[in-house]
Amino acid sequence: MHNQTLLTFLGLLYFFVFSFASSKPNLIVVMCDDLGYADVGFNGCKEIPTPHIDSIAANGVRFSDAYVAYPVCGPSRAAFLTGRYGQRFGFERNPQYLPSDPNMGLPKEEKTIAERLKPVGYKSGIVGKWHMGAHLESHHPLNRGFNYFYGHLGGGHRFLPEELTLKDSYNITGENDSYRTWILKNHEPVPPKKYLTDEFSDEAVAFVERNQKDPFFLFLSYNAPHLPLQATDKYLDRFPELTGKRKIYAAMVSAVDDGVGRLLKTLDELELSENTLVFFLSDNGGPYKKNASENTPLKGGKGDIWEGGNRVPFALQWKGKLEGGREFTEIVSSLDIMATICDLSQAPKVPEKPLDGVHLIPYLTGSKKGVPHESLFIRKFDQQKFSARQGAYKLVLEKEGAPAKLYNLQKDITENENLANQLPEKTTELEKLLNTWTNSLKEPQFLGLIHSPEWQKKLKKKQK
Ligand code: CA
């Protein structure tokens, strides 16, 4: 009798553990670096074919009104990785490459997606760009919840293996040299053998193959198509009609698309697609003059408080759970990725670090009505620029003391017609909302790339 009870109990336990474990979906986030809003097929690009990236939107959801939380790399990524506005914890500048400084990057009190998913059994890997700090104990991805790292610690990298000549990532300082290091495979420096984008795609596929039995989180963090503009003939030859910067840029995006295709094919072959959410996005808008990206019809680009700064290409597929070919037109944010996976995986909540994002799936399946976000904000502390988005409206403060501008983005996506004088009540309402938000923030906690000696030298040269 006792034995039977025990067997029943063990059976139930096995069932519970098994069904609990298998219900946890995998998460893949493919993030491009400085990709223009208009440079993927699902946002209308004809010049650069991106069939594999487009298939994510075709098999899932295209978000037409999607933001990252900041218009440059570092703070945008810090917000995505923590599910919280970076301004809440002083990450409001691009960090300098300083392996000696434990405070130059993501503070340890903040938890990454990988750290939050660890207690519920996930294995996490990051392939590509980190940019959350170069201090070993404080910032290395393996010390921030990740089980695997294959990439570079800094904000960008050269793409041709023969140019990556500096073995030790910890023995250098400064942005220029950080672009020339060997790649870190966990803690071991390895010289890459291929065009970097191809090498990262290989590593992403291998990570999925190795971790197919566990719930996993893969952050495929391509540093393309960020500067320097570099591509191989294989990709350049696809664009005989293009010239100059645009040709190289197109080749770099095409290389990313090939990689995304191989990753999606791997998911299908391993029968993981129905248990894997795949997000695709850019970390900020295209810096159009620098890398020949396109944000049309949006105004401005990387670094700007205008739509071109932080409205990005954004799509999600979850085959079998979300119907394909849909467009979601309400405001969403990269902040929502953390909230979504934490709810789906039942990761423990951290009450003292409340998330700024929202679990998106109920809105996408229609089980929840209303809008995911009432409002979203940006503060750029150094330039004293601000924006607040609420419904159709967006408030813009271009600099300290400048009069507020108001736009109706549903009618005027190019931010052309300032409605502040016509709609003073709406303008005041948004100013109040913005004030409440800014009062909840910290000042930046580390000096940024713009304060580095290298950057200051460049600025002085320009002024001469
Ligand atoms: Ca970027």
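One residue stands out among those in the range 365-403 that are in contact (Cβ under 8 Å) with a residue 12 or more places away in the chain and of a type in the set (Ser, Thr, Tyr): the one that is most open to solvent (accessible area, probe 1.4 Å), which is Thr365. Cβ contacts < 6 Å: first residue assigned by TED's automatic domain parsing to the domain that holds Ile337, restricted to the range 101-130; second residue among the β-branched types (Val, Ile, Thr), any location; separation 6+ or different chain. Result? Partner pairs satisfying both residue conditions: Glu110/Thr82.
A Cβ distance below 6 Å, combined with a sequence gap of six or more or placement on separate chains, defines the contacts here; from the range 261-277, residues that are assigned to a helix (DSSP H, G or I) reach residues that are buried (at least 18 other Cβ atoms within 10 Å of the Cβ) and of a type in the set (Lys, Arg) in the pairs Ser273/Lys319; Glu274/Lys319.
Any residue at all in the range 106-115 that is surrounded by fewer than 24 Cβ atoms within 10 Å (Cβ to Cβ) and within 16 Å of the ligand (Cβ to nearest atom)? Steps first, please.
To start, the set of residues in the range 106-115 that are surrounded by fewer than 24 Cβ atoms within 10 Å (Cβ to Cβ) comprises 107-111, 114-115.
So of that shortlist, the ones also within 16 Å of the ligand (Cβ to nearest atom) come out as none.
So far as the range 106-115 goes, no, none of its residues is surrounded by fewer than 24 Cβ atoms within 10 Å (Cβ to Cβ) and within 16 Å of the ligand (Cβ to nearest atom).
Of the residues Leu441, Leu449, Leu419, which is in contact with an Asp or Glu (Cβ under 7 Å, 6 or more places away or on another chain), touching a residue at least 12 places away in the same chain (Cβ under 8 Å) and not assigned by TED's automatic domain parsing to the domain that holds Ile331? Matching residue, one of Leu441, Leu449, Leu419: Leu449. Can we say Leu344 is over 23 Å from Gly128 (Cβ atoms) and away from the ligand (no atom under 16 Å from the Cβ)? Yes, satisfied.
Looking only at the range 165-184, residues that are in contact with a strand residue (DSSP E or B) (Cβ under 7 Å, 6 or more places away or on another chain) and either small (Gly, Ala, Ser) or closer than 22 Å to Cys73 by Cα (or both) come to 8 in all. When the test is whether a residue is in a helix (DSSP H, G or I) and more than 16 Å from the ligand (Cβ to nearest atom), Ile28 does not pass it.
Every residue, every condition in (1) at pLDDT below 95; (2) polar (S, T, N, Q); (3) out of contact with any His (no Cβ under 9 Å at 6 or more places or on another chain); (4) not in a loop (DSSP other than H, G, I, E, B), yes or no:
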site: Ser367; (1), (2), (3), (4): no, yes, yes, no
site: Ser387; (1), (2), (3), (4): no, yes, yes, yes
site: Lys394; (1), (2), (3), (4): no, no, yes, yes
site: Glu417; (1), (2), (3), (4): no, no, yes, no
site: Ala420; (1), (2), (3), (4): no, no, yes, no
site: Thr427; (1), (2), (3), (4): no, yes, yes, yes
site: Glu454; (1), (2), (3), (4): yes, no, yes, yes
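For the range 53-103, the set of residues classified as away from the ligand (no atom under 13 Å from the Cβ), under 21 Å from Leu218 (Cα atoms) and in a loop (DSSP other than H, G, I, E, B) consists of Asn59, Gly60, Gly83, Arg84, listed by residue number.
Taken over the range 318-332, the criterion of being open to solvent by 60 Å² or more (accessible area, probe 1.4 Å) and either within 15 Å of the ligand (Cβ to nearest atom) or part of a strand (DSSP E or B) (or both) is satisfied by Arg326, Glu327.
Every residue, every condition in (1) in the same structural domain as Leu35 (by TED's automatic domain parsing); (2) among the small types (Gly, Ala, Ser); (3) closer than 27 Å to Asp54 by Cβ, yes or no:
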| position | (1), (2), (3) |
| --- | --- |
| Gly308 | yes, yes, yes |
| Pro313 | yes, no, yes |
| Gly324 | yes, yes, yes |
| Glu330 | yes, no, yes |
| Ser333 | yes, yes, yes |
| Asp336 | yes, no, yes |
| Thr340 | yes, no, yes |
| Pro354 | yes, no, no |
| Leu406 | no, no, no |
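Which condition does Ala315 not pass, out of (1) open to solvent by 10 Å² or more (accessible area, probe 1.4 Å); (2) part of a strand (DSSP E or B), if it passes all the others? Failing condition for Ala315: (1). Scan the range 159-178 for residues that are at pLDDT 95 or above and within 16 Å of the ligand (Cβ to nearest atom) and the total you get is 2.
Each row is one residue, and each column tells you yes or no for (1) assigned to a loop (DSSP other than H, G, I, E, B); (2) more than 16 Å from Gly128 (Cβ to Cβ); (3) open to solvent by less than 20 Å² (accessible area, probe 1.4 Å).
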{"position": "Phe159", "(1), (2), (3)": "yes, no, yes"}
{"position": "Ser169", "(1), (2), (3)": "yes, no, yes"}
{"position": "Glu209", "(1), (2), (3)": "no, yes, no"}
{"position": "Asn223", "(1), (2), (3)": "yes, no, yes"}
{"position": "Lys234", "(1), (2), (3)": "no, yes, no"}
{"position": "Glu241", "(1), (2), (3)": "yes, yes, no"}
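Scanning the range 280-312 for residues that are within 13 Å of the ligand (Cβ to nearest atom), part of a helix (DSSP H, G or I), open to solvent by less than 30 Å² (accessible area, probe 1.4 Å) and not small (Gly, Ala, Ser) returns Asn291, Asn310.
Return yes or no: is Lys265 at pLDDT 95 or above and either surrounded by fewer than 22 Cβ atoms within 10 Å (Cβ to Cβ) or not assigned by TED's automatic domain parsing to the domain that holds Arg93 (or both)?
Spelling it out, Lys265 is indeed at pLDDT 95 or above and either surrounded by fewer than 22 Cβ atoms within 10 Å (Cβ to Cβ) or not assigned by TED's automatic domain parsing to the domain that holds Arg93 (or both).
The values are calculated or read from the model by the stated rules, or taken from the named source; none is laboratory data. All figures in this text were calculated on a predicted structure; none of them were measured in a lab. Cβ atoms come from the backbone with ideal geometry, glycine included; neighbour counts cover every protein chain shown. What goes into the accessible areas is simple: the full protein's heavy atoms, side chains included, and nothing from ligands, DNA or RNA. Shrake-Rupley method; radii C 1.70, N 1.55, O 1.52, S 1.80 Å.
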